Each structure stands twice: as structure tokens, then as C-alpha cells.
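Bear in mind these aren't lab numbers, they're just calculated from the coordinates by the rules spelled out. Only a predicted model underlies this, so the values are computations on that prediction, with no experimental measurement involved. Glycine gets a Cβ as well: all are built from the backbone with ideal geometry, and neighbour counts include every protein chain shown.
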Amino acid sequence: MDLDLQTERRDGVSVVSLRGEIDVYTAPRLRQALIDLIGEGATDIVVDMAEVDFLDSTGLGVLVGGLKRVKAKEGSLSLVVTQDKILKIFDITGLSKVFPIFGTVDEAVAGSKA
Amino acid sequence: MPSPEPSRPDVDIAFPPQPEFVGVARHVIAALVRLSDPGSDIVEDVKLAVSEACTNAVTVTTRAGSEEPVTVVGAVDGGRVEVTVADRGVPREEAGGDAIPESLDFSFEQGLSLPLLEGLVDELEISPRDGGGSVVRMVLSPRTDA
């Protein structure tokens, strides 16, 4: 019950790869990572959630907060979601219309630069 | 006299109102569902619903400045899952201005939690608890008939 978080740069896009569970205990770490990235000047961010086993509204709230921050800098925050159980959460809350959602990191990185 | 009632396994847990314990509660209830109904197609929905309700409970209890435990009772009956989460929290308007920072407010009154919960469960009932706080009762039924 933890969250591993790794960040790398790919073609000028910051890719945050997550593995584990995002809930009220772990979401603050994701929030801080996004705030740090944006503070360092990142404007185009991809959050790879392919290895996320669990996501609830606390994680959604952090992603929405990150999106607001990059939008203020005319940037983008895209997601990689491959599991139906995670996609369903974005569908129920209507957020699948708010975030660009891709099936692979390559597609998301390409989409961020478009 | 033999009981006509089928066996009804359940769990009853209490945990300190800390974020660290929300995951534990969610996994305990998920284990109950898997043990009681190995073919259940709603385990993920149950985990999410429990997480939302427990996160709210921890938030409103923290806001109240209380250390009273959050209690979670789960029962599975013929694939139907009923979970009750009880807290000793207070509504936002009773807590005063800055009981907790907004960035740490994960209560139902904030954001996406309640719409998500309403999209997941078949029955949702939020009622006042005797002695203060609230009780959230949720029922989830299997998606497909066995």
C-alpha cells in the first residue's frame, strides 16, 4: 500500500510514472511532485498511471490541481490510463472529458507537443 | 433449532482517524468480499466506495479535533455488500474557519468524492450518529446475476 513515483524528461515533456495506490495517504506525495515539477519550469506533463492499482477522489483532486497549474502557464497535463477500472473513475466523474487520456507514454508525449 | 439464516460473514473494525489507515480498511473489506463471494465483480467498486467514505470520515474527525476512532462494518449476503462507516466528525460550518487547510479537506463537502460515491453504489444513506458525527451506509449489488 504505497506509491512509487519516478520522473523523467522525454522530448521536453516531463513524464511522471506512478506505481501503486493513490489515496488520502499517498496523494500528497503526488501533489508535491507536481508542484515541484511546475516550480522547476515544467509546463507539459504526462502522468503515467498504467501501473496504478488504485485511485480515488483524492488522487483525482491532485490531478485536477496539477492541470489548473499547468493551464495557467499554457501547458498541458496528459494521462496514460490502460486499465478499465481506472478509466471508469474518470468516466463517472466526467474528468475523461477534461484530461487528454492516452494508451501509451509515447502517444501522450507526442500529444503533449502537438 | 437450526437457524434458517445463511451464514453471513462480516467484519467490524475501528481505526484511528489517520490517512494511513484508510488503505487498511479498504483492503480488509475487499478481502471480506473476495472470501465471501469469490466470483464477485464489484470488489474494485467496493474498495473505492470504502476509500471515499473512510477518507471523508478521517477528514471530518480531524476537522473536529477528535481522536475518536472511525468504525467500519462490512457484511456480504448473497453477493450483496453492505458497508457502514461511522465517525465523530463535524460539518464544515460547525468546525470554524481554519480547522484544516483546504488542501487537506477530503470531506464529502469538497470536490469529487460524493459524485463518485453516488456513481458507484446502489444505495447511499448518510445520517447523523447518536452522540455526534455521522453514519454512512452503502450497499453494492453484483452487476451480473450469478
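Report the rotationally averaged projected area of chain B based on its alpha-carbon convex hull, in square nanometres.
Values: hull surface 39.2 nm².
Over all viewing directions, chain B projects a mean Cα-hull area of 9.8 nm².
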Under the Karplus relation 6.51 cos²θ - 1.76 cosθ + 1.60, θ = phi - 60°, what is the ordered set of whole-Hz ³J(HN,Hα) values for the range B:76-85, x standing for Gly and Pro?
-> 10, 9, x, x, 7, 10, 10, 10, 10, 10
Considering the dipole of the range B:1-137 built from charges on the beta carbon (Lys and Arg +1, Asp and Glu -1) around the Cα centre, which of B:PHE15, B:VAL58, B:LEU48 is farthest to its positive end?
-> B:PHE15
How large is log10 I(q)/I(0) at q = 0.08, 0.12, 0.16 Å⁻¹ when the Debye formula is applied to the Cα atoms of the protein assembly as shown, each weighted equally and without solvent?
-> -0.34, -0.73, -1.17
Under the Karplus relation with 6.51, -1.76 and 1.60 and θ = phi - 60°, whole-Hz ³J(HN,Hα) for the range B:24-29, x at Gly and Pro, equal 4, 4, 4, 6, 5, 5
As straight-line cross-link partners of A:LYS88, the qualifying lysines (C-alpha separation under 21 Å, not fewer than 8 residues apart within one chain) are A:LYS97, B:LYS47
So how far apart, in nm, are the two label points at B:GLU94 and A:ARG9 if each is 7 Å from Cα heading toward Cβ?
-> 5.3 nm
With chain B treated as a Gaussian network of Cα nodes joined by springs under 10 Å, which of B:LEU104, B:LEU114, B:LEU35 yields the largest mean-square fluctuation?
-> B:LEU104
State the answer as a single residue: which of B:GLY111, A:ALA50, A:THR104 lies farthest towards the positive end of the charge dipole of the protein assembly as shown, with beta carbon charges of +1 for Lys and Arg and -1 for Asp and Glu, about the Cα centre.
-> A:THR104
Which net charge results when you count Lys and Arg as +1 and Asp and Glu as -1 among the other residues whose beta-carbon is under 10 Å from that of B:VAL70?
-> -1
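What net charge do the residues around A:THR43 carry, taking every other residue with its C-beta under 10 Å from that of A:THR43, with Lys and Arg at +1 and Asp and Glu at -1?
Details: positive: A:ARG69, A:LYS71, A:LYS73; negative: A:ASP44, A:GLU74.
Around A:THR43, the charge tally is +1.
What do you get for GluC sites (Glu not before Pro) in the range A:51-114 restricted to DSSP loop and a cutoff of at most 12 other Cβ within 10 Å of the site's Cβ?
The qualifying sites are A:GLU74.
Highest mean first, how do A:97-104, B:18-25 rank when packing is the count of other Cβ atoms within 10 Å averaged over residues? Before the final figure, lay out each step's value.
On the way: A:97-104: 15.1, B:18-25: 20.2.
Output ranking for A:97-104, B:18-25: B:18-25, A:97-104.
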Value of [θ]222 nm, deg cm²/dmol, for the protein assembly as shown, DSSP H segments ≥ 4, -39500 (n - 2.57) each, nearest 500 = -11500 deg cm²/dmol
Would you work out the relative contact order for chain B, in percent, from Cα pairs under 8 angstrom that are 6 or more residues apart?
-> 26 percent
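Arranged by the count of other C-beta atoms within 10 angstrom, fewest first, what order do B:THR62, B:THR71, A:THR82 take? Walk me through the numbers before you get to the answer.
Details: B:THR62 22, B:THR71 19, A:THR82 15.
Least crowded to most crowded, the residues run A:THR82, B:THR71, B:THR62.
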Using alpha carbon centers only, the range B:71-146 is separated from the range A:43-101 by a whole-angstrom value of 24 Å
Relative contact order, percent, chain A [alpha-carbon distance under 8 Å, six or more residues apart] = 26 percent
Taking the range B:41-146, which trypsin sites (Lys or Arg not before Pro) meet the DSSP loop condition and have no more than 11 other C-beta atoms within 10 Å?
-> B:ARG143
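First check a/c for the range A:42-102, with a ≥ b ≥ c the square roots of the eigenvalues of its C-alpha gyration tensor; if it is under 1.5, answer rounded, and if not, answer prolate when a/b is larger than b/c or oblate otherwise. Kindly include the intermediate steps, with their values, before the conclusion.
Working: a/c = 1.91, a/b = 1.62, b/c = 1.18.
Here the range A:42-102 falls in the prolate category.
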How many nm is it between the label spots at A:ARG19 and A:ILE35, if each spot is 7 Å from the Cα in line with the beta carbon?
-> 2.7 nm
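Write down the Å³ per residue value for the convex hull defined by the alpha carbon atoms of chain A.
On the way: hull volume 9.8 nm³, N = 114.
Convex hull volume per residue, Cα atoms: 86 Å³.
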3J(HN,Hα) from dihedral phi, the range B:100-113, Karplus parametrisation 6.51/-1.76/1.60, rounded to Hz, x for glycine, proline | 9, x, 4, 5, 10, 8, 10, 7, 4, 5, 9, x, 9, 4
